[in-house]
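Participant: After the structure tokens below, expect a handful of questions from me.
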Amino acid sequence: MPLVDELLRPSDVTLDSLVDHVRQYLVPVTSASDPARVITARPRIPEGVSELAQARRARLRGRLTDLWLVLWAVRRPVDDSLGELLDAASSSRAYQDLLDDVAQYDADSRARLFADVRAHIQTLSEVLGTRPARVEVQLGVRRRLALGISGTELRVRFDLVVTLPERRGLVDVTTSPLDPDDAPLALLALADLLAGYHPRRVAQISSATGEVRMREVDGALVDLALSTLHERTRAA
């Protein structure tokens with residue numbers, strides 16, 4: 001079953017009480033100044049690895065993968081040449097830096113980049129399946145929430161949000177292998193709950209390996225999110 005269908009299966013979990021429970025952790029934003037602590041769903045990059053994570057090719061791969069999701073959302077196919085991706089990028093000034101970077105690659109480097117991207121989007125295509133016409137899709141949804149923990153802010157990004165009436169699923173896409181930890185999923189779910197939504201399930205996809213981790217949003221996941229918040233706040 002494609003992941004979108006799995007995310008939107010009916011659930012017996014009632015979220016109203018969970019929403020009331022977690023709202024106490026949210027406070028109004030009273031200042032434009034940066035918070036003392038920023039908590040994100042993804043763990044910090046270990047020292048000595050940041051250069052690798054920010055490598056030019058990895059960044060381009062991530063941008064092109066994000067762009068594929070845009071085309072997936074409008075049910076537009078992408079062939080092996082990736083011409084549709086570059087055509088889509090050229091239609092928006094937001095991707096001009098991507099086009100400029102790709103243009104600087106020689107033929108061999110571009111071929112390696114495109115082979116890498118093809119492998120990642122093929123994996124995502126197999127996991128997600130064709131976007132169901134009846135499902136509403138949002139891409140790149142960001143949450144920035146001031147918490148009732150002095151000077152702490154929770155910031156998350158949902159690569160993909162899928163909804164049907166009374167059903168909502170959240171997806172985080174990474175081009176790296178998944179870490180065996182449910183805390184990122186828990187924080188994503190918490191951020192959506194704090195924003196007043198009722199997500200039923202939350203999932204992570206690794207386009208590198210095809211691995212999928214999915215959790216139902218329930219009391220146990222919310223408890224994990226809250227404990228993770230406190231642990232990361234103390235460590236900050």
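The values are calculated or read from the model by the stated rules, or taken from the named source; none is laboratory data. Fair warning: this is a prediction, and the values are worked out from it, not measured in the lab. Backbone-built Cβ (ideal geometry, glycine too); neighbour counts: all protein chains shown.
Participant: Determine which member of the set V156, V141 is in the same structural domain as H230 (by TED's automatic domain parsing), closer than 26 Å to R37 by Cα and touching a residue at least 40 places away in the same chain (Cβ under 8 Å). Steps first, answer last, please.
Facilitator: Values: V141 fails: touching a residue at least 40 places away in the same chain (Cβ under 8 Å).
Criteria check complete, one pass: V156.
Participant: Picking from T175, T123, which residue would you name as being crowded, with 16+ Cβ neighbours inside 10 Å and not assigned by TED's automatic domain parsing to the domain that holds D218?
Facilitator: None of the others qualify; the one that does is T123.
Participant: Checking the structure you have, find out if any residue of segment 77-89 is within 19 Å of the chain's Cα centre (by Cα), more than 18 Å from L128 (Cα to Cα), small (G, A, S) and at pLDDT below 90.
Facilitator: Scanning segment 77-89, I find no residue that is within 19 Å of the chain's Cα centre (by Cα), more than 18 Å from L128 (Cα to Cα), small (G, A, S) and at pLDDT below 90, so the answer is no.
Participant: Could you grab me the full set of residues in segment 207-236 that are out of contact with any helix residue (DSSP H, G or I) (no Cβ under 8 Å at 6 or more places or on another chain) and either assigned to a helix (DSSP H, G or I) or under 19 Å from P2 (Cα atoms) (or both)?
Facilitator: The answer is E211, E216, A220, D223, S227, H230, E231, R232, T233, R234, A235.
Participant: Is there any pair with a first residue in segment 108-125 that is under 13 Å from S81 (Cα atoms) and a second that is among the acidic types (D, E) and loosely packed, with under 15 Cβ neighbours inside 10 Å whose Cβ atoms are under 9 Å apart and which are 6 or more apart or on different chains, and what are they?
Facilitator: From segment 108-125, the pairs are F114/D80; R118/D80.
Participant: Let me ask you something else. Going by the conditions given, is V27 at pLDDT below 90 and surrounded by fewer than 18 Cβ atoms within 10 Å (Cβ to Cβ)? Can you show your working first?
Facilitator: Details: at pLDDT below 90: yes; surrounded by fewer than 18 Cβ atoms within 10 Å (Cβ to Cβ): yes.
Considered against the rule, which asks whether it is at pLDDT below 90 and surrounded by fewer than 18 Cβ atoms within 10 Å (Cβ to Cβ), V27 comes out as yes.
Participant: Please state which of the following conditions L170 fails to meet, knowing it meets all the rest: (1) surrounded by fewer than 24 Cβ atoms within 10 Å (Cβ to Cβ); (2) assigned to a strand (DSSP E or B).
Facilitator: Against the list (1) surrounded by fewer than 24 Cβ atoms within 10 Å (Cβ to Cβ); (2) assigned to a strand (DSSP E or B), L170 comes up short only on (1).
Participant: Could we say that V74 is loosely packed, with under 11 Cβ neighbours inside 10 Å, hydrophobic (A, V, I, L, M, F, W, C) and under 21 Å from the mean Cα position of the chain (by Cα) here?
Facilitator: yes
Participant: Condition first: assigned to a helix (DSSP H, G or I), of a type outside the set (A, V, I, L, M) and more than 22 Å from the chain's Cα centre (by Cα). Now tell me which residues in segment 90-109 satisfy that.
Facilitator: Narrowing segment 90-109 to residues assigned to a helix (DSSP H, G or I): 90, 93-103, 107-109.
Next, only the ones that are of a type outside the set (A, V, I, L, M) stay: 90, 93, 95-97, 100-101, 108-109.
Answer for segment 90-109, where residues must be assigned to a helix (DSSP H, G or I), of a type outside the set (A, V, I, L, M) and more than 22 Å from the chain's Cα centre (by Cα): S90, R93, Q96, D100, D101, D108, S109.
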